[in-house]
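Reading through the structure tokens given below for one structure.
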Amino acid sequence: MTQPLLQITDLHVSIGETEIIHGLSLTVNAGEVHAIMGTNGSGKSTLTKAIAGHPDYTITSGDILLNGRSILADEPEDRARAGIFLAFQYPVEIPGVSNMYFLRTALNAQRKAHGKPEVSGADFLTMVKEKARLMDIDSGLLNRSINEGFSGGEKKRNEILQLAVLEPAMAILDETDSGLDIDALKTVADGVNALRGPSRGFLLVTHYQRLLNHIQPDVVHVLLDGRIVKSGGKELALELEEKGYSWLEQAL
Amino acid sequence: MPTQTTNSLLNALAHDASSEPAWLRDFRAEHQKLFDETGIPTQRHEAFKYTNFRPLHEQAFQPAAAVEITEADLKPYLIGDDDLRLVFVNGHFSDTLSRLPRVPDALLIEPLGRIIHSTEPIATKLGAVVEPSPFGALNAATFREGLYVHAAKALTSDRPLHVLFVTTGGHAIASRLLMSCGEATDLRLIESHIGLGDAPRFVTHTSEFILARSAKLRHVRLLRETDASWHVAQTAAKLDRDASYTHQGVALGARVARHEITALLNGEGAHATLQGLTMAAGTQHVDHHITVDHLRPHCTSNQLFRSVADDRSHATFTGKVIVRPGAIGTDAKQQNNNLLLSDDAKVDTRPQLEIYADDVKCSHGATSGQLDANALFFLRSRGLDVKQARGVLTYAFANDLVEHIGIEPARHHMQQVMHQKFHGLLGE
């Protein structure tokens, strides 16, 4: 049995005094795509931020292992360098810093941490343009400030571009489908599908089933009130679409 | 009461005017009297409440002496080709370091010390713009040398004139710049204040700009003094009808910097843009005092000042917009944003509006805050460490002004300076 890529065991997460996640366990193996579905306020975003190491979220008990090693003591940047990537539900705008500079700085920070040489400006430009083309992303976005004045769709595509450049082992997408029209949704889904591979895991957090029409998950989990109440195959997503969440809430 | 060492500062500044024309001796005497009424201001003066000049009384200064510096000393501060530059070292004009090749006949550039003996009518221009203030009066009474620039009607040039005021340490220096822009001229000026060496120094500097009808001046001012420098300056521009003055300042250094900027919108349709970026660290103190005076109808003004305060530094902003009776159709904007990088850093902001006319549009706003926690987390989640992430966000805050510097070589130069300052954060 190979080691799981991401293993979460009995995780409890609080914001301030309030516990949001009440004992969640989840295992993602390399090559798998997991979807987490749930209502608003069920703790989906909290889970993603806790994995990425947001300082406002306190893990009170349980553990998160990446390739068998606990990452709880790691700073967010150490988690990123270890292979965790979080695509944000609400990408941050940073006027004054070009997307291109930022992407290269991020890539080189990670390469440096792994003892690899930094990528030169020219090599990076070639690489990032190719990735942008593959992801069907307008390379004009590269020369603009990070997310400044981007449409909702452009912001989400930009998150996927970062994913493509940084090539993390474990990609977590927090409601990347929210606020997207069908074309943007398809671009994002195509990007994720292109990045699927035997050594990479995905955790897709979504409110709606429609993203899963374009990205076929291996496992679907239902998160309600800070716990996974049901897990199943991709057909579970269709069942949720049809019946909603109330039948599961009643079962709680 | 002036102490022994204040006398040392004033003695070091004392200027022998005996060989100067009568009008200038009168001008100096009048300002000396004005200065004597207040002396070096204390924090009891409302306009100086944020800046403490008391430590100045404990320091001794020598009279400004011409010190030899080399082209290599200047090199880090030269901008682009810099083939049109005037260099002053400790207030003394340097022929050897200055470059003044073939300038158009319509452009007169002369050290003040020479021009005062000529027939050029500068008696009516000198001191005609700058508002009386204790340090302004001190400068007028004691300035030793400076530069006079006059552009005749309709002269336009995108080749910037760079004036460098270099200090080497140990002296008290009073320098001055007077620029008169004729009707429909369009010119660019870069003013650099550069500190070399470690010894304490005191600088009083006044820059005056007179813009005739439809004249356009882009003025970039770079303050790069040392942590042992006292830098007290006035910049004042008076604008005639439809004239346009753009001031873009970047203050990177001085132990104490006090900069008073005044724009007098004295003709219908005149426009002033005043922008400033302060990067304060260590125990630096940077005090900006801005006055925009709307004297005539339909003038517009736009102020944007930003400060980054790190360590135990202190940045202050006082910005006053005055709309005089009858100045209808005024459109005045004022914005001051401050970024505090440390718990011990401090900013004070005082936006002020005085409106005596109807039918005007005035807005002002001020913010003070720390780096955005979400943005920090975002950058760290991409693998940047805390130092890098803070650097990127600080750079972003500052670069928003730097990237809008309206003189291309100065913008390019300052972007490189900023990159060096945040070395290793942004790649080449």
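Every read-out reported here was derived from the displayed coordinates using simple, explicitly stated rules and does not represent laboratory data. Every value quoted in this text rests on a predicted model; they were computed, and no experiment measured them. Heads up, the Cβs are rebuilt from the backbone with ideal geometry, glycines too, and the neighbour counts pull from every protein chain shown.
Can you compute the charge dipole magnitude of the range A:90-230 about its Cα centre, using +1 on each Lys and Arg Cβ and -1 on each Asp and Glu Cβ, nothing else charged? Give it in debye, rounded to the nearest 20.
Taking the Cα centre of the range A:90-230 as origin, the dipole is about 400 debye.
Let me check against my output: what whole-number percent is the relative contact order of chain A, with C-alpha pairs under 8 Å and at least 6 apart?
Value for chain A: 28 percent.
As I understand it, the dipole of chain A uses +1 on the Cβ of Lys and Arg and -1 on the Cβ of Asp and Glu, about the Cα centre. Which of A:PRO91, A:LEU236, A:LEU195 lies farthest toward its positive end?
It is A:LEU195.
Dipole size in debye (nearest 20) for the protein assembly as shown around its Cα centre, Lys and Arg Cβ +1, Asp and Glu Cβ -1?
Using Cβ point charges on Lys, Arg, Asp and Glu, the protein assembly as shown gives about 640 debye.
Taking the Cβ of each residue in B:LEU211, A:LEU238, A:LEU26 as the centre, tally the other Cβ atoms inside 10 Å and list the residues starting with the fewest.
A:LEU238, A:LEU26, B:LEU211
Rounded to the nearest 20 Debye, what is the dipole magnitude of chain B about its Cα centre when Lys and Arg each give +1 and Asp and Glu each give -1 at the C-beta?
400
Using a 7 Å offset from the Cα along the Cα-to-Cβ direction at both A:ALA73 and B:ASP227, what is the distance between the two label points in nm, to one decimal?
Taking the two extended label points, one gets 3.6 nm.
Rounded to the nearest 500, what is chain B's calculated 222 nm mean residue ellipticity when only DSSP H runs of at least 4 contribute -39500 (n - 2.57) each, over all residues?
-6000 deg cm²/dmol
Sequence gap at least 6, Cα distance under 8 Å: using those rules, report the relative contact order of the range B:267-389 to the nearest whole percent.
Once divided by the residue count of the range B:267-389, the mean separation gives 23 percent.
Rounded to the nearest 0.05, what FRET efficiency do A:ASP183 and B:ASN374 have when you use their Cβ-Cβ distance and R0 = 35 Å?
0.80
Taking the beta-carbon count within 10 Å as an exposure proxy, list B:ILE40, A:ILE172 from fewest neighbours to most.
Lowest count first: B:ILE40, A:ILE172.
Need one number: nm distance between label points at A:TYR245 and A:GLU17, each 7 Å from Cα along Cα→Cβ, rounded to one decimal.
Distance between the two pseudo-spin positions: 2.6 nm.
Around B:ILE115, under 12 Å between beta carbons, what's the net of Lys plus Arg minus Asp minus Glu among the other residues? Write down the numbers at each step before the final one.
Numbers: positive: B:ARG114, B:LYS125, B:ARG176; negative: B:GLU20, B:GLU110, B:GLU120, B:GLU145.
My count for the surroundings of B:ILE115 gives -1.
Under a crude label model (7 Å from the Cα following the beta-carbon direction), how far is B:VAL103 from A:LYS129 in nanometres?
So the label points at B:VAL103 and A:LYS129 sit 4.4 nm apart.
Specify the inter-centroid distance of the range A:177-244 and the range A:81-128, based on alpha-carbon positions, in whole Å.
26
Which loop-located trypsin sites (Lys or Arg not before Pro) does the range B:40-101 contain, where loop means any DSSP state but H, G, I, E or B and the Cβ has at most 11 other Cβ atoms within 10 Å? Show your work: numbers first, answer last.
On the way: sites: B:ARG44, B:LYS49, B:ARG85, B:ARG99; in loops: B:ARG44, B:LYS49.
Sparse-neighbourhood loop trypsin sites (Lys or Arg not before Pro): B:ARG44.
Please report the antiparallel percentage of DSSP beta bridges with both residues in chain B, rounded to the nearest 5.
Counting only bridges with both partners in chain B, antiparallel ones make up about 5 percent.
Projected onto the charge dipole of the range B:146-260 (+1 at Lys/Arg Cβ, -1 at Asp/Glu Cβ, origin at the Cα centre), which of B:ALA172, B:GLY146, B:ALA254 gives the Cα projection farthest towards the positive end?
After comparing all options, I get B:GLY146.
How many partner chain Cβ atoms sit within 10 Å of a residue's Cβ in peptide A:104-116, on average, as a whole number? Provide the component values of the computation, followed by the final result.
Numbers: counts 3, 12, 8, 3, 4, 10, 3, 1, 3, 2, 0, 0, 0.
Mean shielding by partner chains, rounded to a whole number: 4.
What does the charge add up to near B:LEU13, with Lys and Arg as +1, Asp and Glu as -1, over the other residues with Cβ less than 14 Å from its Cβ?
Combined, the nearby Lys, Arg, Asp and Glu give +1.
Would you mind calculating the gained length between A:TYR90 and A:THR2 on full extension (0.36 nm times residue separation, minus the Cα-Cα distance), in nm to one decimal?
Gain on extension, A:TYR90 to A:THR2, equals 28.2 nm.
If the cut-off is a Cα-Cα distance under 12 Å, which aspartates and glutamates reach A:LYS131, setting aside same-chain residues fewer than 8 apart in sequence?
The qualifying aspartates and glutamates are A:GLU167.
So, in Å, what gap is there between the alpha-carbon centers of the range A:141-164 and the range B:158-216?
Cα centres, the range A:141-164 to the range B:158-216: 42 Å.
Taking the Cβ of B:ALA128 as the center, what net charge do the other residues with Cβ under 10 Å away carry, scoring Lys and Arg +1 and Asp and Glu -1?
Cβ neighbours under 10 Å give a net charge of +1.
Rounded, prolate or oblate, given the Cα gyration tensor of chain B, with a/c below 1.5 counting as rounded?
Working: a/c = 1.34, a/b = 1.19, b/c = 1.12.
Here chain B falls in the rounded category.
Can you pick out the pairs among A:LYS112/B:LYS421; A:LYS116/B:LYS421; B:LYS33/B:LYS216; B:LYS216/B:LYS320; A:LYS112/B:LYS75; B:LYS49/B:LYS421 whose Cα atoms lie more than 29 Å from each other?
Listed pairs above 29 Å: B:LYS33/B:LYS216; A:LYS112/B:LYS75; B:LYS49/B:LYS421.
What FRET efficiency comes out for B:GLN352 versus B:THR38 if R0 is 30 angstrom and r is the Cβ-Cβ distance? Round to the nearest 0.05.
0.90
For B:HIS271, B:HIS412, B:HIS259, B:HIS294, what's the fewest-to-most ordering of other Cβ within 10 Å of each Cβ?
B:HIS412, B:HIS271, B:HIS259, B:HIS294
Along the charge dipole of the range B:311-428, pointing to its positive end and built from +1/-1 on Cβ of Lys, Arg, Asp and Glu, which listed residue (B:GLN370, B:GLY319, B:PRO409) has its Cα farthest out?
Towards the positive end, the residue furthest out is B:GLN370.
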